[in-house]
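The values are calculated or read from the model by the stated rules, or taken from the named source; none is laboratory data. As the structure is a prediction and not an experimental result, all values here were calculated from the model. No Cβ is skipped: glycine too gets one built from the backbone with ideal geometry, and neighbour counts run over all protein chains shown. Ligands, DNA and RNA are stripped out before the accessible areas are found, and what is left, the full protein with its side chains, is counted by its heavy atoms. Shrake-Rupley method; radii C 1.70, N 1.55, O 1.52, S 1.80 Å.
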Amino acid sequence: MSNILAVYGSPRRKGNTALLLKRAVEGAMEAGVGVEEVVLRDLKMSPCLEIYGCRKTGRCVIKDDFQQLHDQMHACKGLMLASPIFFYSLSAHTKILIDRCQSLWVKKYWIDKVRYGQWEPKRKGLFISLGATKGKKLFDGALLTVKYFFDVLDMELWNSLLYRGLDFEGDVLAHPEYLEEAYKMGKEFVTSLETEV
Ligand SMILES: Cc1cc2nc3c(=O)[nH]c(=O)nc-3n(C[C@H](O)[C@H](O)[C@H](O)COP(=O)(O)O)c2cc1C
């Protein structure tokens, strides 16, 4: 049975992205899969220090909570990532995780010498995000970052849930249809993991 890792990237424990991700997790569990949940704000994780200690083995040398998360990301079949939009990008908590995955980039492209674009997906990702405003380009920056984050995990962006106009904690509760969509998406994610990868 496929396992899923759910990563909560907002500093708010019960914020809008957390509520949506929770519903997606519930949908996945309802479909009978095991889900591990990680709240980034609870971890002790340094930003990337750009020392390239990862050059030898492809593994980051900073000893903190990233190490366990590294193993969890590799062990999962599907990753659910949720982050609010902060300054047209991801939250700082999420970006710290992503930058630490430069070690995976080093492993894939420098050590293993994979050619850009010449790899088969081993796992799938679901991205959940939202912001307060309604602009057309609200998610452009975040989506690009997530695409390349997933790349180092040999992961394809399977789907994303993106919502505009949500700002204060709990705003999403006024949109039960969004929460329902997240629940259904969590279920469908499990089906897609079992049938396609
Ligand atoms: C530091 C910071 C930067 C933000 N930048 C943006 C932004 O660029 N565009 C936007 O639409 N909303 C922005 N917001 C609003 C959040 O995206 C919004 O409050 C969202 O609902 C927070 O999600 P959460 O409850 O999951 O934390 C920002 C909020 C904070 C705290």
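Structural remarks
- Positions within the stretch 1-30 being of a type in the set (A, V, I, L, M) and crowded, with 19+ Cβ neighbours inside 10 Å, in sequence order: ILE4, LEU5, ALA6, VAL7, ALA18, LEU19, LEU20, LEU21, ALA24, VAL25, ALA28
- Residue satisfying all of: in the stretch 1-25; more than 9 Å from the ligand (Cβ to nearest atom) and part of a strand (DSSP E or B); farthest from CYS76 (Cα to Cα) among these: VAL7
- Any helices (runs of 4 or more DSSP H) falling wholly within the stretch 78-186 and containing at least 3 residues that are open to solvent by 20 Å² or more (accessible area, probe 1.4 Å) and either in contact with a strand residue (DSSP E or B) (Cβ under 6 Å, 6 or more places away or on another chain) or more than 16 Å from the ligand (Cβ to nearest atom) (or both): 140-152
- Subset of the stretch 68-77 (residues that are in a helix (DSSP H, G or I) and either polar (S, T, N, Q) or open to solvent by less than 10 Å² (accessible area, probe 1.4 Å) (or both)): GLN68, LEU69, GLN72, MET73
- Top-ranked residue of the stretch 38-67 - restricted to ones that are closer than 30 Å to VAL190 by Cβ and either open to solvent by 80 Å² or more (accessible area, probe 1.4 Å) or assigned to a helix (DSSP H, G or I) (or both), ranked as farthest from the ligand (Cβ to nearest atom): GLN67
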